[in-house]
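**Q** My questions all concern the structure below.
Each value in this text was obtained by applying a stated rule to the coordinates, not by laboratory testing. In this text, all values refer to a predicted model and were calculated from it rather than measured experimentally. Methodologically, a virtual Cβ is constructed for each residue, glycine included, from the backbone with ideal geometry; neighbour enumeration extends over all protein chains shown.
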C-alpha cells in the first residue's frame, strides 16, 4: 500500500485536515494524525485493514493534559504513522485491544505509568509497579518534577 492509499483510507475516519505528511527521514514517520478519543477504535480498525501493525502506545504529559501517542507501521512498505490523541485530565479512551492483541500490554503500561484508563480493557491492572502503588511516575505532578511544557513548545505551531 502506498502512502497516498493509506492516507486516503485513514481520512475516511479522521478529518483530512487533521492528517499531515511528514518527512520520514527527519521525523521518523510518514504521517501524523491528530484524532479524537471517539475516533481511536475506527482509526485502529482502518489501520489494521490497511495492513498496518501496532508498533507502540505511549503518552506524554503537557500543561494542556495528557496526550496518547499510537504508532502504526505498514507490513508492505515503510510507512510509519503517528496518531496523537489529546485528553483532558482523568479522561479515558477506548481500548483497541480487540483489534490489536499487542495493545493489551501497551495499554496496561500506559495506565501504570500515566494513570490513563482504557474503557473496556479486559485486564487493566498494573504491569510494572506494585498493585497497591498510589502514584503514576511519568505524570509531571509526581514527586519534584513539575516540569510541565506546552504542546507548542514541543511540536511548534
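**Q** So if R0 is 25 Å, what FRET efficiency would residue 132 and residue 92 give, r being the distance between their Cβ atoms, rounded to the nearest 0.05?
**A** In this case the efficiency is close to 0.70.
**Q** Just need the relative contact order of region 5-58 here, percent rounded to a whole number, with Cα pairs under 8 Å and 6+ apart.
**A** Over region 5-58, the number comes to 36 percent.
**Q** When 134, 51, 27 are ordered from fewest to most other Cβ atoms inside 10 Å of their Cβ, what list results?
**A** Least crowded to most crowded, the residues run 134, 27, 51.
**Q** Got the relative contact order for the chain handy, in percent, Cα pairs under 8 Å and 6 or more residues apart?
**A** Relative contact order here is 19 percent.
**Q** Right, here's the next one. Between region 103-133 and region 34-81, what's the alpha-carbon centroid distance in Å?
**A** Cα centroid to Cα centroid, the span is 18 Å.
**Q** Here's something else I'd like to know. Relative to the present Cα-Cα distance, how much length would full extension add between residue 17 and residue 60 at 0.36 nm per residue of separation?
**A** 13.2 nm
**Q** Remind me, relative contact order of region 64-139 in percent, using alpha carbon pairs under 8 angstrom and six or more residues apart?
**A** RCO, region 64-139: 23 percent.
**Q** In deg cm²/dmol, rounded to 500, what helix-only [θ] at 222 nm does the chain give when every DSSP H run of at least 4 residues adds -39500 (n - 2.57) and the total is split over its residues?
**A** Result for the chain, helices only: -6500 deg cm²/dmol.
**Q** What percent of all Cα-Cα pairs in the chain falls into each 10 Å bin, going from 0 up to the bin containing the maximum distance?
**A** Calculated P(r), rounded to whole percents: 11, 40, 35, 14, 2.
**Q** At 7 Å along the Cα-to-beta-carbon direction for both residue 78 and residue 24, put a label point, then send me their distance in nm to one decimal.
**A** About 0.6 nm separates the two model spin labels.
**Q** Arranged by the count of other C-beta atoms within 10 angstrom, fewest first, what order do 131, 109, 91 take?
**A** Listed from fewest to most nearby Cβ atoms, that is 131, 91, 109.
**Q** Could you please rank 116, 127, 99, placing first whichever residue has the fewest other Cβ atoms within 10 Å of its Cβ?
**A** Taking fewest neighbouring Cβ atoms as first place, the list is 127, 99, 116.
**Q** Another one. Once you sort the root eigenvalues of the Cα gyration tensor of region 56-112 as a ≥ b ≥ c, which label holds: rounded (a/c under 1.5), prolate (a/b larger than b/c) or oblate (the other case)?
**A** Since a/c reaches 1.5 but b/c is at least a/b, the shape of region 56-112 is classed as oblate.
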